[in-house]
1. Per 0.36 nm of contour for each residue apart, how much would the distance between E27 and K109 grow if the chain were fully extended, relative to their Cα-Cα spacing?
2. How about K180: which lysines have a C-alpha closer than 24 Å to its C-alpha, ignoring those fewer than 8 places off in the same chain?
3. Per residue, how much accessible surface does segment 193-237 expose to a 1.4 Å probe? Answer in Å², no decimals.
4. Could you compute the net charge surrounding S214? Neighbours are other residues with a C-beta less than 15 Å from the C-beta of S214; K and R count +1, D and E count -1.
5. Taking θ = phi - 60°, what integer Hz values does the Karplus form 6.51 cos²θ - 1.76 cosθ + 1.60 yield along segment 177-183, in sequence order, with x for Gly and Pro?
6. Give me, ordered by chain and number, the residues 5 or more places off L169 or on other chains with an amide H under 5 Å from its own placed amide H.
7. Please list 3J(HN,Hα) in residue order for segment 241-258, calculated via the Karplus relation 6.51 cos²θ - 1.76 cosθ + 1.60 where θ = phi - 60°; whole Hz, with x for glycine and proline.
8. What is the spin-label model distance, in nm, from S55 to H164 if the labels are put 7 Å beyond Cα along the C-beta direction?
Amino acid sequence: MAVYLDSNATTPIEPAVLEAMLPYLREHFGNPSSAHALGHAAHAAVDKAHAQVASLIGAAPDEIVFTSGGTEASNMAIRGAAAMSARRTIVTTNIEHPATDSCCAVLAKQGFTVKRLKSSAAGLVDAAEARALIDSDTALVTIIHAQNEIGTLQPVAEIAAIAHAAGALVHVDVAQSVGKVPVDVTALGADLLSIAGHKLYAPKGVGVLYIRRSVALPPLLVGAGQENGRRPGTENVPYMVALGEACRLAQEALPEVEPRLRALSARLLERLIYNVTGLALVGDRERRLPNTLNVLFPGVSGRQLLANCPGVLASNGSACHSDSEEPSAILLALGIPREAALGTVRLSLGRHTTESDVDAAAERLAEAWHALTEQNLRRKAG
């Protein structure tokens, strides 16, 4: 059986999450705005989901806005924050998810100045450098908490403090970090924060934008008054229930999950380093997600390696743009040479990954690398 090590791309729906949402696809099908028993039941379920999400991130229920996913949440946050401000500068990094990069590109076309903090070779931006970029014209600082391809954890709280001192808002993308490490909106200094449900054992097609009460963020859409008027349209009750339950489970499991994933990742890396000569880990060894390893297999294409290793289901970077043989822009931003970057494989463990999964994956990947290396040597010799 193949070992699934692509949890940063998506996660399976937890059985308890599925059980929680199914009644709202069947008998509890009411519209939350309806003034009868079915509507009341749906409304109560929506309220409960808001509270469950809020509890996970240290927010209030009325600060939670459900969306169709992390991309919509980030669009609402970044473009909304720009629209509500007279300031004309956005500060971000050069290692963001495409959802953030694309929003910044739209704003640049509208005349905003976009400044980017540059990552070090270890995959970390420097909070001290942020001080030179953030000024009285900065409307928003938008930063990823955990880089989705390499797993490094950015100094969000330090950068947020600098931003707030300059009067700027702060948006944080926690799609990859929430449920894996503690995420608290106050500790991070987030005014706006994006969550993607399918990274958290909920279905695809649901996410959350946290909006601090003091932020009068304008909606992207107009319509009725759902989600306090910030995201109009009849609520997707089953998916809201699912994400609420997923957040409840994540909060309950986090104290056990984080150290277990960290130990399993260390075990996997140790076995790969032992069996693959010259294998390199991308990104800081300490300031990283407990589940994520981005490794460079020397002398081979990571894409070809995975194609020749069907017993391991992993990726060569972000699943949002994994159909390209070009090296990852994130790895190039770290200063990794193009040929080395082509050898990347992202291994992201999940809540249900076991020691036997890790051992089998290490063995299969090493075997595939040795076979490809021998093929390449024969090809060169011929």
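1. Numbers: separation 82, 0.36 × 82 = 29.52 nm, distance 4.78 nm.
Gain in length upon complete extension: 24.7 nm.
2. Within the straight-line cut-off, K180 pairs with K48, K199, K204.
3. On the way: 1830 Å² over 45 residues.
With the other protein chains kept in place, segment 193-237 gives 41 Å² per residue.
4. Details: positive: R212, R213, R230; negative: D62, E63, D191.
Taking every other residue near S214 into account, the sum is 0.
5. These are the phi-based 3J(HN,Hα) values: 8, 5, x, 10, 9, x, 10 Hz.
6. Here L140, V141 satisfy the definition.
7. Karplus values, whole Hz, x for Gly and Pro: 4, 4, 5, x, 5, 4, 5, 4, 5, 4, 5, 5, 8, 3, x, 8, 5, 4.
8. 2.6 nm
The values are calculated or read from the model by the stated rules, or taken from the named source; none is laboratory data. This one's a predicted model, so the numbers in the text were calculated from it and none came from an experiment. Positions of Cβ are generated from backbone atoms using ideal geometry, with glycine treated the same way; all protein chains shown enter the neighbour counts. Keep in mind that these areas ignore ligands, DNA and RNA; they rest on the heavy atoms of the full protein, side chains included. Shrake-Rupley method; radii C 1.70, N 1.55, O 1.52, S 1.80 Å.
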